[in-house]
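Trainee: Just passing along the structure, written as structure tokens.
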Amino acid sequence: MTYISQLASMVGQEVELKGWAYNFRSSGKIYFLQFRDGSGRVQVVYSPQDIDAAQWESLQGVRIESSVIVKGIVKAEPRSPSGFEISGTSFTMVHAAPEDYPIGKKEHGPEFLFENRDLYLRSQTPWAVLRIRDSVFFSIEKFFHEEGFIRFDTPIIQPTSCEDTTQLFQVDYYGEPKYLSQSGQLYSEAGIMAFGKVYDFGPVFRAEKSKTRHHLSELWMMDAEMAYFDQAMNMEVQERMVKRIVKDVLDNCKQELAILERDTTILERIVSEPFVHLKHSEAKKILHDEKLTVEPVDLLGDMSTEEEIALGNKYQLPVFIEDYPAEIKSFYMKRHTDDAGVLRARCADLIAPEEGREIIGGSQREESYEALKQEIIDRDYPLAEYEWYLNTRKYGSVPHSGFGIGLERTVRWITGVHHIRETIAFPRMLNRSTP
């Protein structure tokens, strides 16, 4: 079967395409059919003398989103967004859609579009965004296989928390309470003791009751873990991976970026320029001294949304914020005391520019059995539920590091769309669980 994406090599040839009519117009003597097949869009031009009378009559019954089969001669057409046009020689109606297609030419509000997401997916903007999502997903998979990682799928139903216990979705598992995964990290740490370098890629769930444009309740996360890697090596892998993702999108998604009217100036810089590194204390001082935010700067606090955006705007490149105070970070991170006497975690969040905010969180993991056990006790976590995890330190522990990248946050940044709900086919949020 031939697809629109193949037309560049078929100029002058007759082709048959199977797909849908997304628009149409007629001057009476000429019929212009706007056609899409999933791989792209092209205009098919029909004249009554070029097809038989029955086909011409059938063509007049086309409605938006009717499924059709078209046949015609491929012509180069520089004025067309696709670069091609088809002179129609045959038309077949597969299914004539009714006239009440709800996604019309008029402006629709976002709530209406997401209530009709099953149909809105056919429109150009979600088509472009989700194709870029596919490119990002594929780039990550290729990168890790080329780097010698194996894919190590981890459970979605888990017995305990990896992060904050208040963000868990509880499920009934044969009469016992279990939880939907926030991350596959803890299991991946067990995996590296068998395979050295592993990654997992799948859906995770956050029960945080947030309605911001940065949050989803169901999202996709890639978690990678590496034996015998310290935090510096960890960040080096992250930087190379992000550069690879961005380069692949720039090389392979030109049409999609054009549809979204995405200015790629900063994305192009990212491929060749080194990322910025700031200690948490340095970043907070810059924010305070240069008055980059309206809100007061908490020197030992987490990075706020406004602060992350401000740093991205200042440097116009991805920024690693390193060594957060340990008390605001997860229990499994390795710790050290800085020159000011502050206990800090050997960690880094990667902040994307252009309001991308945090797209990666990573750290060197605490390899000491006793130190990790004590931290679990100090946080009043149920020790028995972490015994299996402590075994990774009890039997053959090694220095190791890892990180997680949020697929939807990365896609939102690269595409430049406003709301994260646009980056997944059917978003699940605090106020949306359908369609």
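The values are calculated or read from the model by the stated rules, or taken from the named source; none is laboratory data. Nothing here was measured: the structure is a model prediction, and the numbers come from that model. Neighbour counts are summed over all protein chains in view; Cβ atoms, including those assigned to glycine, are modelled from backbone coordinates with ideal geometry.
Trainee: Suppose we keep only residues that are of a type in the set (Val, Ile, Thr) and in a strand (DSSP E or B) within the stretch 172-214. Which one would you say is farthest from Glu367 (Cα to Cα)?
Mentor: Val204
Trainee: To continue, here is another question. Look at Asp200 and say whether it is in the same structural domain as Ser135 (by TED's automatic domain parsing), of a type in the set (D, E, K, R), surrounded by 22 or more Cβ atoms within 10 Å (Cβ to Cβ) and within 24 Å of Thr392 (Cβ to Cβ).
Mentor: Here the answer is yes, as Asp200 does meet what is asked.
Trainee: What are the pairs, 6+ residues apart or on separate chains, where a residue within the stretch 165-187 that is of a type in the set (Gly, Ala, Ser) has its Cβ under 6 Å from a residue that is not in a strand (DSSP E or B)?
Mentor: So the pair list comes out as Ser181/Ile156; Ser183/Cys162; Gly184/Thr154.
Trainee: In the stretch 378-435, what count of residues is obtained for those that are over 30 Å from Arg133 (Cβ atoms) and aromatic (Phe, Trp, Tyr)?
Mentor: Matching residues across the stretch 378-435 total 5.
Trainee: Could I ask something else about it? (1) within 30 Å of Gly396 (Cα to Cα); (2) in contact with a strand residue (DSSP E or B) (Cβ under 9 Å, 6 or more places away or on another chain): which one isn't true of Leu278, the others all being true?
Mentor: Against the list (1) within 30 Å of Gly396 (Cα to Cα); (2) in contact with a strand residue (DSSP E or B) (Cβ under 9 Å, 6 or more places away or on another chain), Leu278 comes up short only on (1).
Trainee: Is one or more of the residues making up the stretch 253-265 at pLDDT 95 or above, assigned to a helix (DSSP H, G or I), among the hydroxyl-bearing types (Ser, Thr, Tyr) and farther than 30 Å from Glu111 by Cα?
Mentor: yes
Trainee: How many residues, within the stretch 417-435, are in a loop (DSSP other than H, G, I, E, B) and either closer than 18 Å to Ser139 by Cβ or hydrophobic (A, V, I, L, M, F, W, C) (or both)?
Mentor: Within the stretch 417-435, residues that are in a loop (DSSP other than H, G, I, E, B) and either closer than 18 Å to Ser139 by Cβ or hydrophobic (A, V, I, L, M, F, W, C) (or both) number 5.
Trainee: Just wondering, is there one or more residues in the stretch 382-392 that are free of Cβ contacts under 8 Å to residues at least 12 places away in the same chain, among the charged types (D, E, K, R) and on the phi > 0 side of the Ramachandran plot?
Mentor: No, the conditions are met nowhere in the stretch 382-392.
Trainee: Separate question: For the stretch 299-325, what are the residues that are of a type outside the set (Ser, Thr, Tyr), in a loop (DSSP other than H, G, I, E, B) and more than 20 Å from Asp339 (Cβ to Cβ)?
Mentor: Asp302, Met303, Gln316, Leu317, Pro318
Trainee: Still on this model: Across the stretch 25-44, what is the number of residues that are more than 39 Å from the chain's Cα centre (by Cα), buried (at least 18 other Cβ atoms within 10 Å of the Cβ) and not hydroxyl-bearing (Ser, Thr, Tyr)?
Mentor: So the count comes out to 0.
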